[in-house]
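The values are calculated or read from the model by the stated rules, or taken from the named source; none is laboratory data. Bear in mind the structure is a predicted one, so any value in this text is a computation, not a measurement. Cβ placement follows ideal geometry from the backbone for every residue including glycine, while neighbour counts extend to all protein chains displayed. Please note that ligands, DNA and RNA were not included when accessible areas were found on the heavy atoms of the full protein model with its side chains. Shrake-Rupley method; radii C 1.70, N 1.55, O 1.52, S 1.80 Å.
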Amino acid sequence: MKVSLNVIKKFTDINIEVDELVSKINAQLGGVDEVIDLEARYKDALIVKVAECDKHSNADKLSVCRVDDGGVVKDIPRDEHNLIQVVCGAPNVKKGMWAVWLPPHSTVPASFTDREPFVLAARELRGVLSQGMLASSEELGLASDSIGIFEITNSDIQTDKVIQAGASFAKLFDLDDVVIDIENKMFTHRPDLFGQLGVAREIAGILHQPFRSPAEYLTPSEFDSVSEELEIETFNDVPDLAPRFLTLVVKNIEVKSSPLWLQIELIRLGMKPISNVVDVTNFVMLHTAQPTHAYDYDKLNGKRLGVRMARDGEEIKLLNKKCYKLTAEDVVIADAVGPVGLAGIMGGLDSEVSSATKNIVLEVANFDMYSVRRSSMRHGVFTDALTRFNKGQSPLQNNTVMSKLLSLIQSIVGGAQAGGLKDQSAALETLAGIKVDSHFINQRLGLKLTDDDIKRLLKNVELQVDDNLIVTPPFWRTDLRLPEDIVEEVGRLHGFDKLQNELPRRQISPAPKNKKRQLEQWIRSSLSGMGANEILSYSFVSEKTLVSAGQNPEDSYKISNAISPELQCYRLSVTPSILEKIHENIKAGYPEIALYEIGKAHTITANLVDGVPPEQLRVGFIYAAQKVQKGAPYYYAKRYLDQLMNELGIHVRYVPLPETNLAIAQPFYPSRRARVIEVNTGYTVAIVGEFDDSVSRNFKLPDYAAGFELLTEGIQKSINPSSQYRPLSRYPSTSRDLTIRIDERISLQQIVETMAQVSINETQVTIKPTGIYQPVGETEKNVTFNIGIFSRLGTLTSEDASAVIERLVNSITDKFKAEII
């Protein structure tokens, strides 16, 4: 958002240095991105009159001119008539014209910000000495190309200005200015600050000066009561999405280039001049923050214009000359045949104002901010009008803006009103007063402001405040709704830097620990300690991501105002977000990687809590490697999970999960995944497994990849903090390898659970499967375990270890008829 200091000074007095003003804007209004000193850029440019113009004797395309600068420039060669010789190659140079002269030693404005600016000097051109140059629009930095020098006529300047020889070009066109570029995101909740008038008001407020809007803005002129010379029927089929739709017909206009002062005004504020009609609509938008538009009256079919929803499949070609297929969710401006504009975003090419246009329809409307934002995201169209509409412009200012627009059209473009103002509006709200008191405000800001202090701060920015501190917002401040809004307003206008650096008084007793955050920290510490890297991603993904992960997008909540077309669905689990990062990390040169994320997931199938979807905290983990490791990837991921469960003091068992509708399980291969259940409570705490073949292809995973996702609800109910730490035994451990032959129908989990139930006094045993082998065509398989044995009472003998192994073997052979190999 570019703000002109000259424009601001027309509305309020600024009696501080630019640097101090920028500091105040940064602190109390919004972040300043750039400060552009136009006065320094154009300080040397002067207005001159071409007194004589003769053809160059030695060059067909050059002219030798003598210009009158009013004697302003000193120490420069002049002829007997006090004129200065300048050689010019422009085809439009002629005697008697007013032009812009850049004398020797001046910097060409277009090169002002270059690393090596172009500084002029007196030089000979084909044997004739030229003192500087007559500048074109391109050399002045006002256009990207030009076919001649910059010519000025009386119609190109504002009525309060006079063209004089030697006058400053910068002063004549208000380029003795500083433009302050303020970050748009700082104004997200303040639609009025997207216009020069709104920013001027706020600057007055932070400088503690009273501000008064122009009379025509507070009390618009009455529209003429004229007969309908050019009839038009208007309609508004969607008043909930278009709260106000004003139109006015103007006849007998002449479309041409705008006067130079208006073109330069637009350029200074970051816009490109197009034609006088379009430039006036943009000028009004830049000053009031309210977008406006003009349609060619004679191009409107059926002389009908209004707001409706688009029909599925309708097409429109916009002013950017691109064609768009509309949906039933788009709001459009339409005539009797079809759409002539995408509401709040861009007008249609078929109703464009052109050089042949003689009659126009002016539109000042208001649209639902969420609707236009969705349409913009859907079609990928972003404009200055949209930037303002999607902040929530006030419909209460439309008649004021229409009055200003009509006045400028008549004074710059010409023409006359050809019909009365037509207002297709919903029931417009009346902004209610907000009751506050000084105690309420001071308690929250830590200040000691009196009622008079508060009144003065608020009245400075044109808020109405009565003796009882009831604050009534003006029609452009629809963002003020709550007493807390007034607190923020007072604090900002007073200056947040003036708030006391003092903490509020509170009880010194420690706050109870948040169990969820504590669990997150334990998990984060454990996985990071095992070498995994944490990632952070959005809680929303694209439909394509869900489908690629084997999940059903219909189970996902959709975001109505997504920040990107690729982020429209709430994720059903964390795993798909991590899957998207595996390939790009491996491609970046990390052949072995372990990633995890702690985040939220939402599903439509989950029961609502107090009418809203529950936020399900999930922890996803994926291990992937280009080089195949020893053993199946399932067991590699399981090692991480076992270690995590051990550190959390949770005893788990693994149960096959071949068939399930759980979204969290869909990315995993049915025969290579398991449900992880806490032994004592029976709660499911995780799903672990290798990824389905289609998922691996969709996300370009390496062949060796597996992962798990934790359900923290079950973990929270099963965690046993007291058992998180166990001191190591002081005595050495021993281990034995054990291989058994057993029926293929007996699962590994059944074997491990059977051995784990064996009671061995004062001796602890760890059971680690190391291999499974089943010959082709056989109904039995060989399973190998590494049995770790240690005691906390003393060093184990060989006989002690053999006795433990024997008891474990007996438990298996008795129950499963297994054979020891």
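Within the full protein context, the accessible area of residue 635 is estimated at about 80 Å² for a probe radius of 1.4 Å.
The GluC sites (Glu not before Pro) of the range 338-439 that DSSP puts in a loop, and whose beta carbon has at most 13 other beta carbons within 10 Å, are 429. Between the alpha-carbon centers of the range 18-35 and the range 688-766, tell me the distance in whole angstrom. So the two Cα centres are separated by 60 Å. Taking amide H atoms as placed 1.01 Å from N in the peptide plane, the amide H of residue 770 lies under 5 Å from those of 784, 785, 786, each 5 or more residues away in sequence or on another chain.
Taking 20 Å as the straight-line reach from the Cα of residue 322, the aspartates and glutamates in range (excluding those fewer than 8 positions away in the same chain) are 296, 312, 314, 330, 335, 350, 352, 384.
Subtracting the Cα-Cα distance of residue 325 and residue 252 from 0.36 nm times their residue separation leaves 22.8 nm of extension gain. For residue 426, the amide hydrogen comes within under 5 Å of the amide hydrogens of 244, counting only partners 5 or more places away or on other chains and with H modelled in the peptide plane. Under a point-charge model restricted to the Cβ atoms of Lys and Arg (+1) and Asp and Glu (-1), what is the dipole moment magnitude of the chain relative to its Cα centre, in debye to the nearest 20? Taking the Cα centre of the chain as origin, the dipole is about 2200 debye.
Simple spin-label estimate for residue 301 and residue 223 gives 2.6 nm between the two label positions (7 Å along the Cα-to-Cβ direction from each Cα). Under 27 Å of direct C-alpha separation, and excluding same-chain neighbours fewer than eight residues apart, residue 10 reaches these lysines: 2, 24, 43, 161, 171, 185, 272, 391, 404, 455, 459. Using the Cβ-Cβ distance between residue 511 and residue 798 with R0 = 56 Å, the FRET efficiency computed as 1/(1 + (r/R0)^6) comes to roughly 0.50. Listed values for the range 779-794 are Karplus-derived 3J(HN,Hα) couplings in whole Hz (6.51 cos²θ - 1.76 cosθ + 1.60, θ = phi - 60°), namely 9, 10, 10, 9, 10, 10, 10, 9, 9, x, 10, 8, 10, 9, 9, x, and x replaces Gly and Pro.
Per-residue ellipticity at 222 nm computed for the chain from its helices equals -7500 deg cm²/dmol, with DSSP H segments shorter than 4 residues left out and the rest contributing -39,500 (n - 2.57). For the range 118-123, the Karplus equation 6.51 cos²θ - 1.76 cosθ + 1.60, evaluated at θ = phi - 60°, returns couplings of 8, 9, 7, 8, 5, 8 Hz by residue, with Gly and Pro reported as x. Surface composition of the range 324-425: carbon plus sulfur atoms hold 47% of the accessible area, using a 1.4 angstrom probe and ignoring ligands, DNA and RNA. Lys-Lys pairs in the range 568-710 that are eight or more residues apart or on separate chains and whose Cα atoms lie under 19 Å of each other come to 8. Among residues other than residue 426 with Cβ under 12 Å from its Cβ, the summed charge is -4 (Lys and Arg +1, Asp and Glu -1). Among the protein heavy atoms of the range 726-820, carbon and sulfur supply 46% of the accessible surface, probe 1.4 Å, non-protein parts ignored. Around the Cα centre of the range 44-167, unit charges on the Cβ atoms of Lys, Arg, Asp and Glu (plus for the first two, minus for the last two) sum to a dipole of about 220 debye. Here's the list of lysines a cross-link from residue 325 could span, going by alpha-carbon distance under 19 Å and ignoring same-chain residues fewer than 8 apart: 317. For the range 227-236, putting each phi into the Karplus relation 6.51 cos²θ - 1.76 cosθ + 1.60 with θ = phi - 60° gives couplings of 6, 6, 5, 10, 6, 8, 9, 10, 8, 9 Hz, in residue order, rounded to whole numbers and with x for Gly and Pro. Cα centroids of the range 407-423 and the range 516-583: 55 Å apart. Under a 5 Å amide H cut-off, with hydrogens placed 1.01 Å from N, residue 123 pairs with 130, 132 among residues at least 5 apart or on other chains. Applying 0.36 nm per residue to the separation of residue 697 and residue 716 and subtracting their alpha-carbon distance, the gain on full extension is 3.4 nm. Computed in the context of the full set of protein chains, the accessible area of the range 434-498 at 1.4 Å probe radius has 49% of its extent on carbon or sulfur. Note on residue 731/residue 628: beta-carbon distance plugged into 1/(1 + (r/R0)^6) with R0 of 30 Å gives a FRET efficiency of 0.20.
Extension gain, residue 274 to residue 35, is 83.4 nm, computed as 0.36 nm per intervening residue step minus the present C-alpha separation. Along the axis of the charge dipole computed for the range 253-360 (Cβ charges of +1 for Lys and Arg, -1 for Asp and Glu, origin at the Cα centre), the listed residues 264, 343, 287 are led at the positive end by 264. Here are some values of volume of the Cα convex hull per residue in Å³: (i) 309; (ii) 244; (iii) 265. Which one was computed from this structure? Checked against the structure: label (iii).
Calculated accessible area for the chain comes out at 49 Å² per residue, all protein chains present (probe 1.4 Å; ligands, DNA, RNA ignored). Of the trypsin sites (Lys or Arg not before Pro) found in the range 740-816, the ones in coil according to DSSP and having at most 14 other Cβ atoms within 10 Å of their Cβ are 745, 792. If you take every residue apart from residue 324 with its C-beta less than 15 Å away from the C-beta of residue 324, what net charge results, scoring Lys and Arg +1 and Asp and Glu -1? Once positives and negatives cancel, what remains is +1. The charge dipole of the range 481-626, taken about the Cα centre with unit charges on the Cβ atoms of Lys, Arg (+1) and Asp, Glu (-1), comes to about 480 debye, rounded to the nearest 20. Separation of the range 101-149 and the range 190-237, taken as the distance between their Cα centroids, equals 41 angstrom.
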